[in-house]
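Have a look at the structure below, then the notes.
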Amino acid sequence: MLLLTVLWTAPGRAGEGSDTERAEKLFAESAEAYKAGRFERAIELLEEAHRLTGEPVLLFNLAKAHEGRGDLPKAIEAYDAYLRDAKLVPDRGAIEERLKTLRAQVASRSELEKKAEAERLRAERAERDRPSPSPVPWVLAGVGVAGLVTGAALGVVAKGKEEDAGDAANQVEASDIRDEAERFALGANVAFGIGGAVLTGAIIWGIVDVVVLSGGAEDGATARILVEPTGLRFVATF
């Protein structure tokens with residue numbers, strides 16, 4: 001592939017006059033700006049020179065400046081204008097090849113930009129649709145705490161009943177009070193067992209939920225509490 005070298009050609013002298021002289025000065029300044037890498041300044045000077053004289057060769061130099069700046073669509077536009085307006089273009093074939101290369105680069109860049117934009121939108125949708133932690137485990141945690149509190153209360157009552165049995169007036173009354181105390185104690189044990197299991201499972205469930213949503217666990221990780229005939233069972237999968 002033939003690449004054009006940086007070529008700065010002075011505009012032809014169409015005649016003496018202020019516009020021509022001004023254009024030649026602008027051209028000379030643009031050449032210095034181009035060599036110094038100040039492409040935006042070179043573009044400004046060349047555009048003004050072309051406005052004054054209409055010299056097609058300035059369009060070629062303008063295209064090179066746009067290329068240096070990285071604005072390929074503008075460079076293509078300037079090259080096309082040069083090929084259209086110039087009466088004689090000795091290196092027309094090389095410029096046309098350069099145009100093919102630039103157009104391919106623009107198409108490739110456009111495709112990459114589209115892919116990047118699609119990826120950005122996908123990431124935004126994923127972030128927007130990311131589920132928040134479920135409130136269920138923390139509701140269950142409250143139930144578990146309530147169970148522990150209930151168990152503690154029943155335990156206090158059971159202990160009080162045991163003390164009352166010792167103060168009973170007769171053996172029959174004492175036996176009835178002890179039976180009642182045992183029922184309260186059983187209730188306390190059940191409340192402690194269920195409350196503790198629910199609270200523990202709820203805490204683990206909540207932690208798993210947060211870890212999964214934060215990306216710290218593999219996809220498909222779940223946690224749940226199963227109600228079974230023999231009691232409650234906490235199940236977590238990773």
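Just to confirm my numbers, what's the Cα centroid distance between region 32-71 and region 164-208 in Å? After rounding, the separation between the Cα centres reads 92 Å.
Applying 1/(1 + (r/R0)^6) with r as the Cβ-Cβ distance of Arg128 and Asp80 and R0 = 45 angstrom yields a FRET efficiency of 0.55.
Taking 0.36 nm per residue of sequence separation and subtracting the Cα-Cα distance, how much length would be gained by fully extending the chain between Asp19 and Thr101, in nm to one decimal? Could the numbers behind the result be given before it?
Working: separation 82, 0.36 × 82 = 29.52 nm, distance 3.54 nm.
Full-extension gain reported as 26.0 nm.
Each other residue within a Cβ distance under 13 Å of Arg98 adds +1 if Lys or Arg and -1 if Asp or Glu, for a net charge of -1. Computed extension length for Lys159-Ala118: 7.9 nm, one decimal, from 0.36 nm per residue of separation with the Cα-Cα distance subtracted.
Net charge around Asp164, counting only other residues with Cβ within less than 14 Å of its Cβ (Lys, Arg = +1; Asp, Glu = -1)?
Working: positive: Lys159, Lys161, Arg178, Arg183; negative: Glu162, Glu163, Asp167, Glu173, Asp176, Asp179, Glu180, Glu182.
In short, -4.
Evaluated over region 34-176, the count of Lys pairs having alpha-carbon atoms less than 18 Å apart is 4 (only pairs 8 or more residues apart or interchain). Across region 18-111, the mean sequence separation of Cα contacts (distance under 8 Å, 6 or more residues apart), normalised by length, yields a relative contact order of 21 percent.
A simple rule links phi to the HN-Hα coupling: the Karplus curve 6.51 cos²θ - 1.76 cosθ + 1.60 with θ = phi - 60°, which for region 50-65 gives 5, 4, 6, 10, x, 5, x, 4, 5, 5, 4, 5, 5, 4, 5, 5 Hz, with x for Gly and Pro. With the convex hull drawn over the C-alpha atoms of region 18-111, the volume per residue is 89 Å³.
Using 0.36 nm times the number of residues separating Glu173 and Val149, minus their current alpha carbon distance, what extension gain do you get?
On the way: separation 24, 0.36 × 24 = 8.64 nm, distance 2.92 nm.
So the chain would gain 5.7 nm between Glu173 and Val149.
Give a quick list of trypsin sites (Lys or Arg not before Pro) in region 63-136 that DSSP marks as loop, anything other than H, G, I, E or B, with at most 11 other Cβ atoms within 10 Å.
On the way: sites: Lys64, Arg69, Lys74, Arg84, Lys87, Arg92, Arg98, Lys100, Arg103, Arg109, Lys114, Lys115, Arg120, Arg122, Arg125, Arg128; in loops: Lys87.
Filter output for region 63-136: Lys87.
Values in this text are rule-based calculations from the coordinates and carry no lab data. None of the values given here were measured: they were computed from a predicted structure. Glycine also receives a Cβ, built like all others from the backbone with ideal geometry; neighbour counts cover every protein chain displayed.
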